[in-house]
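Asker: First the structure, which I've put down as structure tokens, then a few questions once you've had a look.
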Amino acid sequence: MLAELAAGAGYDVVALDRFGDLDLQRLCPSVSVLRDLGGRGGMATLVDAAAEIGAPSVAYGAGLENQPALVARLAAGRELLGCSPATLERVRDPALLGASLRAAGLAYPATFGAADAERRADRSRRWLRKPVRGGGGRGVRAWRGGALDGQVIVQERIAGLACSAAAVASRGSAVVLGLSEQLVGHRGLGARGYAWAGNVVPPRLGAAEQQALAVAAQAICAHLAAAFELHGLFGVDLVWDGDRAWVVEVNPRPTGSLECVQAAHGVGVFAAHVAACAGGPLPIASGSAAQAAGKAIVFATQDVRVGDTRDWPARGIRDVPHPGERIAAGHPICTLISLQESPQAVLADLEARAATLRGELARRTGSRARA
């Protein structure tokens, strides 16, 4: 997604990622762990590979916000399009984040480190166990007591609609570019637990609640930009309880909802990122979405082997596996994109297409098993 947004904005792009999906390889020169580096290593291996690429600037996506030292290495000798390693250290610290938000009168759930949770968490309330350095809902589960290691936090579970704000920051100010509803643990897409499975822009809320959420999100993002010196695109995961927007996490890098935000609001998100990182002016908030947009991650519910996927991009499918690729149960197969007249229609379209695609793959897998 990030490479597509950058290329669409007119930039020459070399992409580094883990999978080397078919549509990425068609889009631009790329290096992947699985296809070019023998399947060995992870983020550190990609950062090593980036050192050999003669690009003047670098942007990073999901996962690296948890590894400030790797971001420092990635940015060595280049312009960094994104938050600095020092900012990442601070804004990803739950204790610092919570203290800052509460001091500003903003809502942040009760959150405890592993050493304090057993003693301080009120068991009459609902709690989630979350990795300190997590992302995408991986490793999140309900917590009802018990031993914890030092790499997790316990956070109160707030009842409401899971949302996110996509924003851009420059010189201590921020503008919200768009709001989305998060598809979390969506069983129709094969997701389980608290796994992130996509976004719908705008959220499925009435006009009054959408406006109230927009006002709250703008106040939150403006505070975070000033308090933590955020630069460029960033996201905030929120729970809207009908009255307040509760911050549950800050993602100080381009977020997964951006292609939907760009499509729905007509804002050039990557150009805004580059301008903001250079200290330039922020775009004007676009207000209501002109159309609804959504994306859905389709997960394999059983081991599958895909067939000929070369026409998938023309079907509105992204993150396309290569023909004949085997995908294990629980892993993502691809991403679906939808543009419709309403968020309800977007979600219905995504669910229907996910079911059709899963049926196609099940028939193929079943045929191969019988053969």
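Asker: Report every pair of residues separated by at least 6 positions or lying on different chains whose Cβ atoms are under 6 Å apart, first residue within the range 315-333 and more than 19 Å from SER32 (Cα to Cα), second β-branched (Val, Ile, Thr).
Answerer: Taking only residues 6 or more apart or on different chains, the pairs are GLY316/ILE337.
Asker: Here is a follow-up. Could you tell me how many of the residues in the range 173-230 are touching a strand residue (DSSP E or B) at 6+ places or on another chain (Cβ under 8 Å) and not in a helix (DSSP H, G or I)?
Answerer: 30
Asker: Condition check: assigned by TED's automatic domain parsing to the domain that holds ALA69, part of a helix (DSSP H, G or I) and surrounded by 16 or more Cβ atoms within 10 Å (Cβ to Cβ). Does LEU34 satisfy that?
Answerer: no
Residue by residue, here is whether (1) in contact with an Asp or Glu (Cβ under 9 Å, 6 or more places away or on another chain); (2) without any contact (Cβ under 8 Å) to a residue 60 or more places away in the chain; (3) assigned by TED's automatic domain parsing to the domain that holds ILE333; (4) among the charged types (D, E, K, R) holds:
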residue: ALA7; (1), (2), (3), (4): no, yes, no, no
residue: ASP23; (1), (2), (3), (4): yes, no, no, yes
residue: GLY41; (1), (2), (3), (4): yes, yes, no, no
residue: VAL47; (1), (2), (3), (4): no, yes, no, no
residue: VAL58; (1), (2), (3), (4): yes, yes, no, no
residue: ASN66; (1), (2), (3), (4): no, no, no, no
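Asker: The conditions are (1) closer than 22 Å to PHE270 by Cα; (2) in a helix (DSSP H, G or I), and ALA44 fails exactly one of them. Which is it?
Answerer: The single condition ALA44 does not satisfy is (1).
Asker: Given the structure, is ASP241 surrounded by fewer than 17 Cβ atoms within 10 Å (Cβ to Cβ) and either in the same structural domain as ALA7 (by TED's automatic domain parsing) or modelled with pLDDT of 95 or more (or both)?
Answerer: Yes: the conditions hold for ASP241.
Asker: Still on this structure, please answer the following. So if I check each of ALA62, ALA95, ALA115, which one is among the aliphatic types (A, V, I, L, M) and part of a loop (DSSP other than H, G, I, E, B)?
Answerer: ALA62
Asker: Across the range 110-135, which residue is nearest to the chain's Cα centre (by Cα) among those that are surrounded by fewer than 19 Cβ atoms within 10 Å (Cβ to Cβ) and modelled with pLDDT of 90 or more?
Answerer: Out of the qualifying residues, it is ARG129.
Asker: I've got another one for you. What single numbered condition from (1) of a type in the set (A, V, I, L, M); (2) farther than 30 Å from PRO56 by Cβ; (3) modelled with pLDDT under 95; (4) under 20 Å from the mean Cα position of the chain (by Cα) fails to hold for ALA264?
Answerer: Answer for ALA264: the failing condition is (3).
Asker: Right, something else. For ALA272, indicate whether it is hydrophobic (A, V, I, L, M, F, W, C) and buried (at least 22 other Cβ atoms within 10 Å of the Cβ).
Answerer: yes
The values are calculated or read from the model by the stated rules, or taken from the named source; none is laboratory data. Everything numeric in this text was worked out from a predicted model, so none of it was measured. Reconstructed Cβ throughout: ideal geometry from the backbone, glycine too, with neighbour counts over all protein chains shown.
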